[in-house]
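Structure first, commentary second.
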Amino acid sequence: MLPSSSDVVIVGAGNAALCAALAAAESDVSVLVLERAPEAEAGGNSRFTAGAFRCVYEGVDDLKALMPDLTAEEIANTDFGTYTQEKFFDDMGRVTEYRTDPELCELLVTRSKDTMRWMQGKGIRFAPIYGRQAFKVDGKFKFWGGLTVEAWGGGPGLIQGLTTAARKDGITVAYEARAAALIADDDGIRGVRVRHRGKTVDVAAKCVVLAAGGFQANAEWRTRYLGPGWELAKVRGTRFNTGDGIRMALDIGAQPTGNWSGGHAVGWDRNAPEFGDLDVGDNFQKHSYPFSIMLNANGERFVDEGADFRNYTYAKYGRVILNQPSQFAWQIFDAKVLHLLRDEYRIKRVTKVRADTLEELVAKLEGVDAEKALATIKAFNAAVNIIAFNPNIKDGRATVGLPIPKSNWANKIDTPPFEAYAVTCGLTFTFGGLKIDGAARVLDTDGQVIPGLYAAGELVGGLFYFNYPGGTGLMAGSVFGKLAGTSAGQRAKQQP
Ligand SMILES: Cc1cc2nc3c(=O)[nH]c(=O)nc-3n(C[C@H](O)[C@H](O)[C@H](O)COP(=O)(O)OP(=O)(O)OC[C@H]3O[C@@H](n4cnc5c(N)ncnc54)[C@H](O)[C@@H]3O)c2cc1C
């Protein structure tokens with residue numbers, strides 16, 4: 001049974017929602033979390049992640065404070081570098097082509113460090129991302145790309161930790177409880193209409209925080225807003241993020257904002273299921289493409305695979321793959337770089353071919369013009385220059401004279417065995433959403449606050465355009481979840 005009222009109702013039980021719930025509870029108000037999914041599938045996209053958080057740290061002391069388990073040996077053997085506010089601002093500006101909302105971006109960047117410490121205080125543990133974000137060179141690990149910290153136990157560990165903390169703080173989490181509509185009048189929010197295990201009930205609330213994710217799992221909205229062809233994309237994460245939170249808010253006059261035709265989309269196993277599979281998590285992704293060349297059905301390259309570190313290109317290359325004939329590509333590697341491939345290349349459910357000659361390899365690339373593919377590989381090999389290869393830096397080892405260059409990490413594909421992996425477009429989340437102010441309050445189409453309504457996470461618009469720096473989704477969910485929960489809790493406390 002759901003309670004008939006709660007001071008604060010949170011819609012969703014992913015990272016943003018649970019951070020909002022924990023923050024609201026700090027005001028000593030009653031908090032109810034409504035999660036559409038059954039408990040076995042709960043936790044949204046957040047649960048599918050590896051748990052990588054992009055956060056500011058000035059040096060190893062900040063990391064040690066966040067991860068007290070770091071050993072003296074790890075510290076001695078690792079160059080963690082720094083990730084300053086300036087670098088985070090630069091990355092957000094550059095990858096969004098300077099369209100990111102300045103107020104939201106500033107909150108994200110300047111609150112990232114404190115928010116991580118706050119989560120740590122709630123019992124969430126963090127660890128360095130040795131496996132994916134640091135390569136060992138000359139006996140020492142070096143982190144690159146501004147992404148250094150992940151939640152212990154990845155996304156599942158994060159959701160489990162946040163849910164445990166929520167229960168400990170007296171927060172009720174209700175599963176199979178799908179928020180259907182907001183109840184509101186001229187004075188603002190009054191509650192939520194909920195479909196709970198087949199029955200429709202109204203829950204009165206002083207404040208509501210929407211954190212129900214984007215609309216990526218809604219094929220009709222994808223086609224409507226992202227454009228023709230997007231109904232053919234695979235969804236990397238939860239099947240439950242169908243835009244409910246956005247729709248409910250728009251129905252009562254909320255303002256849409258941000259990059260409604262944009263989304264975070266990556267190269268994803270061509271034969272992955274339509275939605276994410278919690279047993280596989282994010283392992284259908286294939287993120288070592290900077291060390292590959294990618295060929296489409298015509299046997300042609302179509303993008304600069306080495307334009308930048310993976311963290312700054314992967315989120316926009318899914319769209320590029322979707323735009324290829326029959327929406328697929330093959331990533332081609334030779335033996336020189338196979339040891340650099342991320343763990344996700346070694347799972348059982350992978351679309352992979354292997355061969356000892358290039359002729360044999362191209363014949364195995366299903367759906368590809370083999371003759372053209374061979375010619376493309378040979379032309380690529382002939383265009384590689386002689387600067388030394390170094391995966392830890394943008395090494396400038398570029399091709400010369402190709403119409404589509406490869407700007408870094410360009411190695412000849414000449415050493416057997418050769419391996420190729422087939423990918424299609426996997427959509428992670430959508431960028432368009434609701435307009436909020438600096439207190440995470442939802443604004444209406446006149447730019448006025450809708451009293452009692454707050455939003456956080458994927459369904460907030462305005463932060464990301466065209467692209468996204470890896471690890472920012474969880475960080476944004478936590479920063480704005482905490483902000484929304486604090487604002488909602490404080491307001492609810494003051495209401496009679
Ligand atoms: C495979 C994969 C890997 C990723 N890796 C990373 C990473 O390492 N680092 C990173 O920063 N980001 C990563 N992301 C992106 C990240 O997952 C999201 O940006 C972030 O988790 C969004 O959090 P959220 O709380 O807004 O949404 P979610 O975690 O998706 O939570 C939304 C919740 O709302 C619920 N819901 C939906 N509709 C309703 C309704 N009507 N009523 C009640 N509940 C509802 C859903 O069931 C869900 O639990 C990854 C995403 C995927 C899919």
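The values are calculated or read from the model by the stated rules, or taken from the named source; none is laboratory data. None of the values given here were measured: they were computed from a predicted structure. Neighbour counts run over all protein chains shown; Cβ positions are idealised from the backbone, glycine included. Heads up: the accessible areas ignore ligands, DNA and RNA and are worked out on the full protein's heavy atoms, side chains in. Shrake-Rupley method; radii C 1.70, N 1.55, O 1.52, S 1.80 Å.
Points worth noting:
- Placing pseudo-labels 7 Å out from each Cα toward the beta carbon at residue 176 and residue 40 gives an inter-label distance of 1.2 nm.
- Put simply, the amide H of residue 10, placed in the peptide plane, has neighbours under 5 Å in 32, 33, 34, 209, leaving out anything fewer than 5 places away on its chain.
- When only alpha carbons of the chain are considered, Rg and Dmax amount to 23.1, 76 Å.
- Burial ranking of peptide ranges 216-222, 450-456, 243-249 (average Cβ count within 10 Å, highest at the top): 450-456, 243-249, 216-222
- Packing-based ranking, highest mean first, of 44-53, 420-429 given that Cβ atoms within 10 Å are counted: 44-53, 420-429
- The distance between label points at residue 250 and residue 137 comes to 4.7 nm (points 7 Å beyond Cα on the Cα→Cβ vector).
- Global geometry of segment 414-488, whether rounded, prolate or oblate, following the gyration tensor of its Cα atoms and the 1.5 cut on a/c: prolate
- At an R0 of 22 angstrom, the distance between the Cβ atoms of residue 130 and residue 86 translates into a FRET efficiency of 0.30.
- A Cβ-based charge dipole, computed about the Cα centre of the chain with Lys and Arg at +1 and Asp and Glu at -1, lands at about 500 debye.
- In this rough spin-label picture, where each label sits 7 Å from Cα along the Cβ direction, the residue 412-residue 298 distance is 2.8 nm.
- By the Cα gyration tensor, segment 33-165 has an equivalent ellipsoid whose semi-axes, rounded to whole angstrom, run 25, 21, 14 from largest to smallest.
- With θ taken as phi - 60° and the Karplus curve 6.51 cos²θ - 1.76 cosθ + 1.60 applied, the whole-hertz 3J(HN,Hα) list for segment 38-53 is x, 4, 5, 10, 6, x, x, 4, 4, 6, 7, 6, 8, x, 6, 10 Hz, x standing for glycine and proline.
- Accessible carbon and sulfur surface of segment 332-486 relative to its total accessible area, %, 1.4 Å: 55
- Estimated FRET transfer efficiency when R0 is 30 angstrom, pair residue 110-residue 187 (beta carbons, to 0.05): 0.35
- Heavy-atom surface analysis with a 1.4 Å probe gives segment 263-303 a carbon and sulfur content of 36 percent of its accessible area.
- For residue 150, the amide hydrogen comes within under 5 Å of the amide hydrogens of 53, 127, 129, counting only partners 5 or more places away or on other chains and with H modelled in the peptide plane.
- Length released on extending from residue 364 to residue 493, taking residue separation times 0.36 nm less the Cα-Cα span: 40.0 nm
- Taking a straight Cα-Cα cut-off under 30 Å and skipping sequence neighbours fewer than 8 places away in the same chain, the lysines within cross-link reach of residue 87 are 64, 113, 122, 136, 140, 142, 286, 316, 394, 406, 435, 482.
- Portion, in percent, of the accessible area of segment 1-87 that falls on carbon or sulfur, probe 1.4 Å: 50
- Estimated FRET transfer efficiency when R0 is 45 angstrom, pair residue 164-residue 444 (beta carbons, to 0.05): 0.80
- Charging the Cβ of each Asp and Glu at -1 and of each Lys and Arg at +1, and nothing else, the dipole of segment 338-421 about its Cα centre rounds to 300 debye.
- The slack between residue 437 and residue 404, meaning 0.36 nm per residue of separation minus the straight C-alpha distance, is 7.7 nm.
- Accessible area per residue in Å² at 1.4 Å probe, computed on the chain: 38
- The alpha-carbon of residue 364 sits under 18 angstrom from the alpha-carbons of these aspartates and glutamates, leaving out residues fewer than 8 places away in its chain: 269, 300, 334, 356, 414, 419.
- Stretch gain in nm, segment residue 388-residue 103, where the contour uses 0.36 nm per residue and the Cα spacing is subtracted: 98.4 nm
- Relative contact order of the chain, pairs being alpha-carbon contacts under 8 Å that are 6 or more residues apart, as %: 25
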